[in-house]
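A short worksheet on the structure shown next.
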Amino acid sequence: MSTPPFKQEPHKLLLIPGPIEVSDEVLFANAHPSMSHVSPDFIPVFGDCIRMLREVLFTADGQPILVAGSGTLGWDQVASNLIEAGEDALVLNSGYFGDSFAACLETYGARVTELKAEVGAAPSPADVETALKSKPFKLITITHVDTSTGVLSDAKGICDIVRRVSPDTLVILDGVCSVASEEIRFDEWGIDVVLTATQKGLGTPPGLSVLCVSQKALKVFETRRSPPSSYYASWKRWLPIMKAYESGNAQYFATPPVNLIYAFNASLKAITKAAPSLEDRFKMHKEASQRLKRALEDLGLRQVPLDPAFAANGMTAVYYPDGLVASDVLPKLNKDEIVVAGGLHKDIKDRYFRIGHMGLSVVDPSRGDLDRVIQSLQHIFG
């Protein structure tokens, strides 16, 4: 990738679990001159985003759907296109975002069964298997990384259980805080929908809802008894758009965020076409995560995830020491020009904070982002 003719202005280091730091190349692409969404110059940019997303998710025939909106719109797309009023959905709840996905499904008339884990844990495989045997579920949702707790669910293991126990159940992976920082193998694991957004591991400014849908899920959608229960989120409207742009033609339903798609294209090229490889990216995220978590342990700080084996590789959720609160810690990090996130989970909101370490901050060690936050934390807690 050519060097852009500018560098970002100096700014505070953004180490929250999204949005994350983005490269000069991505920001330069985002500053592309205003362009018609049906321009012959734009069409291949959009089409390449669709093709490269398949590479990121390791799928041969999954159907990407790129729509202006936040990651939350992915829930609405799943709920309005794949489930009909009165059908059963199983939600695996490991935090705030499981609560929200359940609420979204209920809004569209689903009968939701939640498997809720204690704070810092994910539902056990045995409980998932028992629930799946209890009734036929139209779909199961997994929050791959719950950003409120930093818990990493065993998506592959759950997919294995679903295939064995309830193979007709669609597997929906909320990968907003995991795509491009955690290993996801769409075809091999048997995932039916991955939903995500651009502002986390995909290393692009926020504003694009990103999905990939299996051929199995598309058949379920095409044979539903009632029309999709959303206008804007309906795949009847978006699938022809995606197919047109990938085939080299333009088609209109709603204006895509043209500049953001240029930025997304630049980031996807860096992820799929340049070093490090995808496999190396996963390895680098694991190594960076372990390094930060070891440093926190050395300072006597305790993580929110109860088992280190199920702690996310792209973020860390950590309790304040006894007697300290956010106002004792976050302003000191801010004084060091570092921005981290406060708590989000309602049961422990004031007792912990969250550090993001994904994308550019991990795959470009020369930036020294992890060094900076570790040194700052050592100064505060050492």
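The values are calculated or read from the model by the stated rules, or taken from the named source; none is laboratory data. Because the structure is a prediction, the values reported are computed rather than measured. Counting neighbours? That spans all protein chains shown, and the Cβs are built from the backbone with ideal geometry, glycine included.
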Does Gly120 meet the test of being in a helix (DSSP H, G or I) and either among the hydroxyl-bearing types (Ser, Thr, Tyr) or in contact with a strand residue (DSSP E or B) (Cβ under 8 Å, 6 or more places away or on another chain) (or both)?
-> no
Cβ-Cβ below 7 Å, separation at least six or inter-chain, first residue in the range 45-63 and of a type in the set (Asp, Glu), second modelled with pLDDT of 95 or more: which pairs?
-> Asp48/Asn265; Glu55/Thr272; Asp61/Gln215
Boolean, Arg291 is of a type outside the set (Ser, Thr, Tyr) and over 18 Å from the mean Cα position of the chain (by Cα) | yes
Just give me the residues in the range 223-262 being touching a residue at least 40 places away in the same chain (Cβ under 8 Å) and hydrophobic (A, V, I, L, M, F, W, C), in sequence order.
-> Ala233, Trp235, Trp238, Leu239, Met242, Ala250, Ala254, Val258, Leu260, Ile261
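Let's see how each residue does on (1) touching a strand residue (DSSP E or B) at 6+ places or on another chain (Cβ under 8 Å); (2) under 23 Å from Ala274 (Cβ atoms); (3) without any contact (Cβ under 8 Å) to a residue 24 or more places away in the chain:
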{"site": "Ile161", "(1), (2), (3)": "no, no, no"}
{"site": "Arg164", "(1), (2), (3)": "no, no, yes"}
{"site": "Pro167", "(1), (2), (3)": "no, no, yes"}
{"site": "Val171", "(1), (2), (3)": "yes, no, no"}
{"site": "Glu188", "(1), (2), (3)": "no, no, no"}
{"site": "Ile191", "(1), (2), (3)": "yes, no, no"}
{"site": "Thr196", "(1), (2), (3)": "yes, yes, no"}
{"site": "Leu202", "(1), (2), (3)": "yes, yes, no"}
{"site": "Leu208", "(1), (2), (3)": "yes, yes, no"}
A careful count of residues in the range 208-255 that are surrounded by 19 or more Cβ atoms within 10 Å (Cβ to Cβ) and not in a helix (DSSP H, G or I) gives 9
Output yes when any residue across the range 185-205 is more than 18 Å from His144 (Cβ to Cβ) and surrounded by fewer than 24 Cβ atoms within 10 Å (Cβ to Cβ), and no when none is.
-> yes
Under 6 Å between Cβ atoms, at least 6 apart or on separate chains: pull out the pairs that start in the range 289-311 with a residue that is more than 20 Å from Ile16 (Cα to Cα) and end on any residue that is in a loop (DSSP other than H, G, I, E, B) and modelled with pLDDT of 95 or more.
-> Leu306/Gly120; Leu306/Ala121
Limited to the range 294-326, what total is found for residues that are in a loop (DSSP other than H, G, I, E, B), closer than 19 Å to Val373 by Cα and touching a strand residue (DSSP E or B) at 6+ places or on another chain (Cβ under 8 Å)?
-> 7
Quick one: which of Ala79, Ala122 is crowded, with 24+ Cβ neighbours inside 10 Å, of a type outside the set (Phe, Trp, Tyr) and under 28 Å from Pro227 (Cα atoms)?
-> Ala79
Spot the failing condition for Phe353; the list is (1) part of a helix (DSSP H, G or I); (2) crowded, with 17+ Cβ neighbours inside 10 Å, and only one is missed.
-> (1)
Search result, residues across the range 38-55 that are buried (at least 18 other Cβ atoms within 10 Å of the Cβ) and assigned to a loop (DSSP other than H, G, I, E, B) = Phe42
Run Glu114 past the list (1) assigned to a strand (DSSP E or B); (2) closer than 30 Å to Ala263 by Cβ; (3) of a type in the set (D, E, K, R) and report the number of the one that doesn't hold.
-> (2)
Do you know which of the residues in the range 197-216 that are of a type outside the set (A, V, I, L, M, F, W, C) and over 13 Å from Ile271 (Cβ atoms) is nearest to the chain's Cα centre (by Cα)?
-> Gln199
Scan of the range 59-86 for residues that are in contact with a Leu (Cβ under 8 Å, 6 or more places away or on another chain) and either over 13 Å from Thr143 (Cβ atoms) or in a strand (DSSP E or B) (or both), ordered by number = Gln63, Pro64, Ile65, Leu66, Val67, Ala68, Gly69, Gln77, Ala79, Leu82, Ile83
